[in-house]
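A.B. asks: Pasting in a structure now, in structure tokens, and then I'll have a few things to ask.
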Amino acid sequence: MILAKVVGTVVCSSRNDSMNGARYLLVEKSNQHGERKGDYLVALDVLGAGHDELVMVTEGSPSRETPLTTNKPVDALIVGIVDKIDENEQVTYMK
Amino acid sequence: MVLARVVGTVVSSHKSQKIEGIKFLLLDKIDPVSMKGKGDFVVSMDSVGAGPGDIVFYVSGSSARNTDVTEGKPSDSAVIAIVDHIEKDGAFTYQKNR
């Protein structure tokens, strides 16, 4: 998975994913400190991730391995909201 | 999914038989803050009726075959949505027809 910050939303009325109730969030790739890296993608959110939260994003076909996304055209899915990260016994990120 | 602007279409009469009747769009990946094209182009199969000038996003890899249009086709890129607006940090960076 990659780490990314939720920075916004992408709204589209005409879509061909047949997934109601799923939101598209604008996420910005970030490091383990939660610092944004200026590289954006659109990720499907089914967890209700909030603005500026650090999340884990699964890319590619594994993003179809959830009940809602089975056989759906999705290749970036938020699979977790991060509470804490530590590296070399040092906390690098705390929600 | 990756955001892009539809900058044109690609027409091919001599092609793999399975992909007849599918529209190919020329996409330029964009930075969602500046809305500028990155000059990084891809040809993507249209599954949602997008046209030149539209801001869209597309799926890549095997997920591109999970639309009714591209099912069972040799497709690794499919446009699945036309974007109405993009909001970042509370402000719109893009609004259709604005």
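A.B. asks: For A:ALA22 and A:MET1, FRET efficiency with R0 = 25 Å and r from the beta-carbon atoms, rounded to 0.05? List each step's numbers first, then the result.
C.D. replies: Numbers: r = 18 Å, r/R0 = 0.73.
The pair A:MET1/A:ALA22 has a calculated efficiency of 0.85.
A.B. asks: According to the Kirkwood expression over distinct Cα-Cα pairs, how big is the hydrodynamic radius of chain A, in Å? Mind showing how you got there, number by number?
C.D. replies: On the way: mean 1/r = 0.0730 Å⁻¹.
About 13.7 Å, per the Kirkwood formula over Cα pairs.
A.B. asks: Work out the mean other chain Cβ neighbour count within 10 Å for the residues of A:58-65 and drop it here as an integer.
C.D. replies: On the way: counts 0, 4, 5, 7, 1, 4, 3, 0.
Across A:58-65, the average partner-chain Cβ count within 10 Å equals 3.
A.B. asks: Could I ask something else about it? Can you order the peptides A:75-83, B:69-77 by their average number of other Cβ atoms within 10 Å per residue, highest first? If you can, show how the numbers build up before the last one.
C.D. replies: Numbers: A:75-83: 19.9, B:69-77: 17.3.
Highest-to-lowest ranking by the protection proxy: A:75-83, B:69-77.
A.B. asks: Let me know the charge dipole size of the range A:2-94 about its Cα centre in debye, to the nearest 20, where only the beta-carbon of Lys, Arg (+1) and Asp, Glu (-1) is charged. Before the final figure, lay out the partial values.
C.D. replies: On the way: 9 positive and 14 negative charges, 84 e Å.
With Lys and Arg at +1 and Asp and Glu at -1, about 400 debye.
A.B. asks: Percent of Cα-Cα pairs more than 19 Å apart in the protein assembly as shown, please.
C.D. replies: 59
A.B. asks: Grab the alpha carbons of the range B:2-95, take their convex hull, and tell me the volume per residue in Å³. Could the numbers behind the result be given before it?
C.D. replies: Values: hull volume 9.0 nm³, N = 94.
Given the Cα convex hull of the range B:2-95, per-residue volume reads 96 Å³.
A.B. asks: For chain A, the longest stretch holding no GluC sites (Glu not before Pro) located in a DSSP loop with at most 16 other Cβ atoms within 10 Å is which? Display every interim value, and only then the final one.
C.D. replies: On the way: sites that count: A:GLU35, A:GLU65, A:GLU89.
The reported range is A:1-34.
A.B. asks: I would also like to ask the following. Assign unit charges at the C-beta atoms only (+1 for Lys and Arg, -1 for Asp and Glu), then state the dipole size of the protein assembly as shown relative to its Cα centre in Debye, rounded to the nearest 20. Walk me through the numbers before you get to the answer.
C.D. replies: Numbers: 22 positive and 26 negative charges, 126 e Å.
Value, rounded to 20: 600 debye.
A.B. asks: What's the average, rounded to a whole number, of partner chain beta-carbon atoms within 10 Å of each residue's beta-carbon in B:62-70? Don't skip to the end; give the middle numbers.
C.D. replies: Details: counts 5, 14, 2, 3, 12, 5, 3, 2, 2.
Per-residue shielding by partner chains comes out at 5.
A.B. asks: Now, a different point. Could you work out the mean count of beta carbons from other protein chains within 10 Å of each residue's beta carbon in A:4-14? Before the final figure, lay out each step's value.
C.D. replies: Working: counts 0, 0, 0, 6, 11, 4, 13, 9, 12, 5, 10.
Whole-number average of other-chain Cβ neighbours for A:4-14 is 6.
A.B. asks: Now for a different question. Rounded to the nearest 0.05, what FRET efficiency do B:PHE41 and A:VAL46 give with R0 = 25 Å and r taken as the Cβ-Cβ distance? Could you check? List each step's numbers first, then the result.
C.D. replies: Numbers: r = 31 Å, r/R0 = 1.25.
Plugging the Cβ-Cβ distance into 1/(1 + (r/R0)^6) gives 0.20.
Read the figures in this text as sums done on the coordinates, not as results from a lab. What you are looking at is a predicted structure, and each value in this text was computed from that prediction instead of being measured. In this analysis, Cβ positions are derived from the backbone assuming ideal geometry, glycine residues included, and neighbour counts consider all displayed protein chains.
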